Amino acid sequence: MRENPDSGPRSGEADNPQGLTDQELKQLTELKARDREVRAHEAAHQAVGGQYAGAMSFTYQRGPDGAQYAVGGEVPIDISPVQGDPQATIEKMRIVRAAAMAPAEPSGQDRAVAAQAMQIMLHAQSELAAESGSSPREASDAYRKVSAMGESEQKGDENRASSFKPVSA
């Protein structure tokens, strides 16, 4: 018995078992790529933020295949200073800042959190200088050193979606 060549799957059907249109396939490809990007972005925040980062949460969009795809997300981070310990605050804010800037393409919100961590770090630096009786010159040098951190990271796409949310304990 001979098989009918027309009885098997047609060209392209194996790649498209749901019979989606070309436009729906394009949308699905874009949603899958966005989902991977969002999850990687938030995972970078969480991995670097460690004990100061909370659980990732996502906003989803249903694709033409009926599945849910992450299109946005956030990771809460504790940006509260360590009470009575400026040195611990400085160390914590270094981690918070690194977590905010961890993704390949930090969003505007990520940069804002990094700047906020820098301000808290600078305040703790001045507290430390006051405690140790440092001269104003030494405090000024410390300020310049800390504030120079990340200046090269200030360039980039400021219009990216928010993804890093500061919280205070």
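Quick look at the numbers
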| quantity | calculated |
| --- | --- |
| Breaking point among (1) in contact with a strand residue (DSSP E or B) (Cβ under 8 Å, 6 or more places away or on another chain); (2) modelled with pLDDT of 95 or more, for GLN119 | (1) |
| Unmet requirement for LEU25, which otherwise passes all of (1) touching an Asp or Glu at 6+ places or on another chain (Cβ under 9 Å); (2) assigned to a loop (DSSP other than H, G, I, E, B) | (2) |
| Residue pairs meeting the criteria (Cβ under 8 Å; at least 6 apart or on separate chains; first within 14 Å of GLU74 (Cα to Cα), in the stretch 48-64; second at pLDDT below 95) | GLY54/VAL167 |
| The stretch 75-95, subset touching a helix residue (DSSP H, G or I) at 6+ places or on another chain (Cβ under 8 Å) and assigned to a loop (DSSP other than H, G, I, E, B), residue least open to solvent (accessible area, probe 1.4 Å) | ILE79 |
| Single residue of the stretch 28-68 satisfying the filter (farther than 22 Å from ASP110 by Cα and open to solvent by less than 70 Å² (accessible area, probe 1.4 Å)) that is nearest to the chain's Cα centre (by Cα) | LEU31 |
| Pairs, first more than 14 Å from VAL75 (Cα to Cα) in the stretch 94-118, second open to solvent by 50 Å² or more (accessible area, probe 1.4 Å) and not hydroxyl-bearing (Ser, Thr, Tyr), C-beta under 7 Å, six or more apart | GLU105/GLY156; GLU105/ASP157; GLU105/ARG160; GLY108/GLU158; GLY108/ASN159; GLY108/ARG160 |
| Given (1) in contact with a strand residue (DSSP E or B) (Cβ under 6 Å, 6 or more places away or on another chain); (2) buried (at least 22 other Cβ atoms within 10 Å of the Cβ); (3) closer than 30 Å to LEU28 by Cα, index of the condition PRO106 fails | (1) |
| Single condition GLY66 does not satisfy, out of (1) modelled with pLDDT of 95 or more; (2) not in a helix (DSSP H, G or I) | (1) |
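The values are calculated or read from the model by the stated rules, or taken from the named source; none is laboratory data. Predicted model, so just to flag it, every value in this text is computed and none were measured. Virtual Cβ from ideal backbone geometry, glycine too; neighbours counted across all protein chains shown. These accessible areas exclude ligands, DNA and RNA; they are computed on the full protein's heavy atoms, side chains included. Shrake-Rupley method; radii C 1.70, N 1.55, O 1.52, S 1.80 Å.
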